[in-house]
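Here is the structure we will look at.
All of the numbers you see were taken from the coordinates with simple rules; none came from a lab. On a predicted model such as this, the values are computed, not experimentally measured, just so you know. Neighbour counts run over all protein chains shown; Cβ positions are idealised from the backbone, glycine included.
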Amino acid sequence: MRWCAPADRCKGKESCEAGKPVSQEGTQGPDTDVQKATADKRVETRRRRAVVAALMLAMGLAALDSTIVSTAVPQIVGDLGGFSVFSWLFSGYLLAVTVTLPVYGKLSDTFGRKPVLIVGSALFLLGSLLCAAAWNMAALIAFRIVQGLGGGALQGTVQTLAADLYPLEQRPKIQAKLSSVWAMSAIAGPAVGGLFAAYADWRWIFLINVPIGALALWLIVRHLHEPERTPGPRPRIDWAGALVVFSCGGVLLTALVQGGVAWDWLSPPSLALFGTGLALIAVLVVVERRAAEPIMPGWVWRRRTIAAVNLALGALGLLMVAPTVFLPTYAQSVLGLAPVAAGFVLSVWTLSWPVSAALSQHVYRRIGFRNTAMLGIGTATLVLLVFPFLPYPGEAWQPALLMLLLGGALGLFQLPLIIGVQSTVDWDERGTATASILFCRQTGQTIGAALFGAVANGVLAARLGGAGDLDSVTRALDSGTSDEHLRRAVADAVHAVYLGAACAAGLAFLALLLLAPRRFPILRGPADE
């Protein structure tokens, strides 16, 4: 898809006239000009559709990969061993995606979206092939990290391109399509992974990425044409900043992922990692202040709009841990549902989320981005507060209804903020701004997993007299131990987590209320003309 470049990159007035063809006197008449414009518009529409299809396929790869592996873990461990470290199949991928988001965001602003998306897709496909060929758990974990290095480019760049391709009025449509990809992946991923593990081989959960990714890559190379850029000074890449971002993010996220699991929070390894992470933060500040083109520029936090949205979406990542991690445990251990039924209770929010996101444009056009997001997160706070008051043990439809309402509220919250931030920056800042809010959301999820895990285990220890944690208790219940005391303890632990999630939602509401401007400062770009 070819669209007009920003004004400071245009070669001349004739190339920026909203796509109008330039007629040559004496060679074309008015009718010919109209026909040519109509034909060009049709070609442009076809190219845009092809690019959107590529973006949805690329996003589908990243979304599906986060769910398809989970159901095949028993088969993977049975084949490769390494049960004690298999959790790094997920943690390693998450770490790689999170720490690369800011780097890819800056690179896409410097070199364009297309090369970053091509490199990311190629890395993801290479990681998939290597995962399928893994010979032991260590190798598989290493190759999952390679996948994550590509996944960071896919997530950030796809979201940025969605804003590049469409004017402000049409962005909710493409964002809703991308949200629907996540919804379908959440439902289809576990089922597809289970089918491959049961009837084929677990390696197919990685090989299936190859044809999908190859098609997306071909569509990107063939149909995505970015604006021509005027020659200028050679871009200066902040390699030192990128290295420090990798190191700092990797160390701190590892401390959060492994703390309370592989070692105690106050143990020497945990304290050493947190201490190293804090020292690297100080180094990062010094390096980025001296860099000509910093990977994490200070304006991301100096601008009220972006800073408020970063904090709000960080809180979103925090609260999402409650349903995604703890609700399936609650459904199986407390309600006594089978794994498939428990998955359905969780998946219903993926039905209401994209629908609400698509409809949010009708709300924020009337009351603004900030007020729409505050309406959504305020509703989410109330829904989360209701959960601890559900009857014990209750019926499956009760948490399912709450999840349906929660998905609708969060769709109304997240999408206006993403579109709002993308609309406040120019083309050459959009990748960095988009990556910053996605980075904060991912970091929030990591912090939430560690924080709420500690909360749940603390409640269980208090209810059971210091015996066991959530994992050991749920394993005992799954093995057939029908202990009412244990079930009530699990219910109390999950209720405490949901109260914590409600507090996180309240923090998001306050961040928007106190920091975000009442009206976002919208910049109109070429796609809006």
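General remarks:
- Scanning the range 330-351 for residues that are buried (at least 20 other Cβ atoms within 10 Å of the Cβ) and free of Cβ contacts under 8 Å to residues at least 40 places away in the same chain yields a count of 1.
- Subset of the range 157-184 that is touching a Ser or Thr at 6+ places or on another chain (Cβ under 6 Å) and within 28 Å of Val99 (Cβ to Cβ) - its residue that is surrounded by the fewest Cβ atoms within 10 Å (Cβ to Cβ): Ala183
- Number of positions in the range 361-392 that are crowded, with 22+ Cβ neighbours inside 10 Å and over 24 Å from the mean Cα position of the chain (by Cα): 1
- Checking each residue in the range 347-376 for being of a type outside the set (Phe, Trp, Tyr), in contact with a Gly (Cβ under 9 Å, 6 or more places away or on another chain) and more than 18 Å from Pro172 (Cβ to Cβ) picks out only Val348.
- Qualifying residue in the range 269-287 (condition: loosely packed, with under 13 Cβ neighbours inside 10 Å, over 26 Å from the mean Cα position of the chain (by Cα) and either closer than 25 Å to Phe90 by Cβ or not aliphatic (A, V, I, L, M) (or both)): yes
- For the range 190-202, the count of residues that are touching a residue at least 24 places away in the same chain (Cβ under 8 Å), closer than 26 Å to Leu224 by Cβ and crowded, with 20+ Cβ neighbours inside 10 Å is zero.
- When residues of the range 259-298 are limited to those that are in contact (Cβ under 8 Å) with a residue 40 or more places away in the chain and part of a helix (DSSP H, G or I), the one farthest from Cys440 (Cα to Cα): Val287
- Scanning the range 135-153 for residues that are free of Cβ contacts under 8 Å to residues at least 60 places away in the same chain and among the aliphatic types (A, V, I, L, M) yields Ala138, Ala139, Ile141, Ala142, Ile145, Val146, Leu149, Ala153.
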